[in-house]
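The block underneath contains the structure these notes are about, expressed in structure tokens.
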Ligand code: GLY
């Protein structure tokens, strides 16, 4: 079964992708050499499905564990929740010899990873991601953190996990909308690094919720290679993972939380990025169409609801981003499988791209 190695010197780790891995997690942790008491952090949705399986697996492997459940949803990514978790861990007798297991989607992974980064000045942690976005993206790369009222992810730390366990079977319990939204990030990875994968994804049935382990691992490997090349996002390589995210984040921020799923906003952001890539990076219409028809295949939105004020999207976007001499750092795709950071995109371009999103997508 596939394993993706993330090679970061003394912070290297494996991402193991195997069906049924959750129930074998205890023995895999032992093989990895993780010792000590285990603090499992999950949320109210995920724990109901998967906590028992994990706790049983830990017990069978001889681990003593405690379970800490936070409310499902972005509101849990707060300093208050992080502090409450740290107190719970201390109350449960955890110390620097313990390690933490994050069982859940991106919110749980980011929050629990942050707690692992600060508890007793840092303890090891393991990611067991349960959504597609968390499996292919947020569980890999060591970005951890919480939100402030002033913005998302404003407090955090780079803290690489010691191991990531990806069990494709857990995806079968996701609601269809949450399963399909994950493909926005999967498609984004393929769009920036692996054109052939765009064709492979088009052959998947969006309703089967059976995703081959090999395909997940191949998608994770894209992220892993990028993280290896630019771990702390200082070289303009990791920033390529922001394809579709500039306008996507603006749309997300313009709406009440939860109205649009992250992947749905990124799908719209990708359409805008394809438009701007055709204008400024010579992207061929056929390559843009390939990405957009794939998003459609997973029933992801390509048209902005007429009730959403484009000015509000632009305001949110401008607040979020630094413009230098009227230009923004923007990820453009020059051809399927290849992207670069550009300074060619202007505020006027962004306004036009948002305007394009208000029109129905008609493949040309
Ligand atoms: N999700 C983007 C990154 O990890 O850099």
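The values are calculated or read from the model by the stated rules, or taken from the named source; none is laboratory data. Only a predicted model underlies this, so the values are computations on that prediction, with no experimental measurement involved. Cβ placement follows ideal geometry from the backbone for every residue including glycine, while neighbour counts extend to all protein chains displayed.
Of the numbered conditions (1) touching a residue at least 24 places away in the same chain (Cβ under 8 Å); (2) assigned to a helix (DSSP H, G or I), residue 278 satisfies every one except a single condition; which is it?
With respect to (1) touching a residue at least 24 places away in the same chain (Cβ under 8 Å); (2) assigned to a helix (DSSP H, G or I), residue 278 is out only on (1).
Across the stretch 54-73, what is the number of residues that are part of a helix (DSSP H, G or I) and surrounded by 17 or more Cβ atoms within 10 Å (Cβ to Cβ)?
So the answer is 4.
Would you confirm, using the coordinates I've provided, whether residue 101 is part of a strand (DSSP E or B), touching a residue at least 60 places away in the same chain (Cβ under 8 Å), under 18 Å from residue 11 (Cα atoms) and away from the ligand (no atom under 12 Å from the Cβ)?
So residue 101 fits the description; yes.
Tell me yes or no: at least one residue of the stretch 161-175 is out of contact with any strand residue (DSSP E or B) (no Cβ under 6 Å at 6 or more places or on another chain), within 13 Å of the ligand (Cβ to nearest atom) and either under 28 Å from residue 99 (Cβ atoms) or at pLDDT below 95 (or both).
no
So, in the stretch 234-278, exactly how many residues are modelled with pLDDT under 95 and at positive phi?
Total meeting the criteria: 2.
Cβ-Cβ below 6 Å, separation at least six or inter-chain, first residue in the stretch 117-146 and closer than 20 Å to residue 35 by Cβ, second near the ligand (Cβ under 10 Å from one of its atoms): which pairs?
Close Cβ pairs (under 6 Å, with a partner that is near the ligand (Cβ under 10 Å from one of its atoms)) amount to 127/139.
Within the stretch 308-321, is there a residue that is crowded, with 17+ Cβ neighbours inside 10 Å, closer than 17 Å to residue 277 by Cα and in contact (Cβ under 8 Å) with a residue 12 or more places away in the chain?
no
Cβ-Cβ below 9 Å, separation at least six or inter-chain, first residue in the stretch 221-243 and without any contact (Cβ under 8 Å) to a residue 12 or more places away in the chain and within 18 Å of residue 330 (Cβ to Cβ), second more than 12 Å from the ligand (Cβ to nearest atom) and not in a loop (DSSP other than H, G, I, E, B): which pairs?
Cβ pairs passing all conditions: 237/341.
Name the single residue that is nearest to residue 105 (Cα to Cα) among those in the stretch 27-47 being in a helix (DSSP H, G or I) and touching a strand residue (DSSP E or B) at 6+ places or on another chain (Cβ under 9 Å).
Checked the stretch 27-47; the qualifying residue nearest to residue 105 (Cα to Cα) is 46.
Residues that are crowded, with 22+ Cβ neighbours inside 10 Å, in contact with a strand residue (DSSP E or B) (Cβ under 9 Å, 6 or more places away or on another chain) and modelled with pLDDT under 95, at least 1 per element: which strands (runs of 3 or more DSSP E) completely within the stretch 115-159 meet that? Break it down stepwise before answering.
Details: elements: 125-129, 143-148, 151-158.
In the stretch 115-159, there are no strands (runs of 3 or more DSSP E) which contain 1 or more residues that are crowded, with 22+ Cβ neighbours inside 10 Å, in contact with a strand residue (DSSP E or B) (Cβ under 9 Å, 6 or more places away or on another chain) and modelled with pLDDT under 95.
If you check residue 214 against the conditions, is it modelled with pLDDT of 95 or more and within 10 Å of the ligand (Cβ to nearest atom)?
No; evaluated as a whole, the condition is false for this residue.
Every residue in the stretch 236-266 that is touching a helix residue (DSSP H, G or I) at 6+ places or on another chain (Cβ under 8 Å), more than 16 Å from the ligand (Cβ to nearest atom) and closer than 17 Å to residue 180 by Cβ, please.
258, 260, 264
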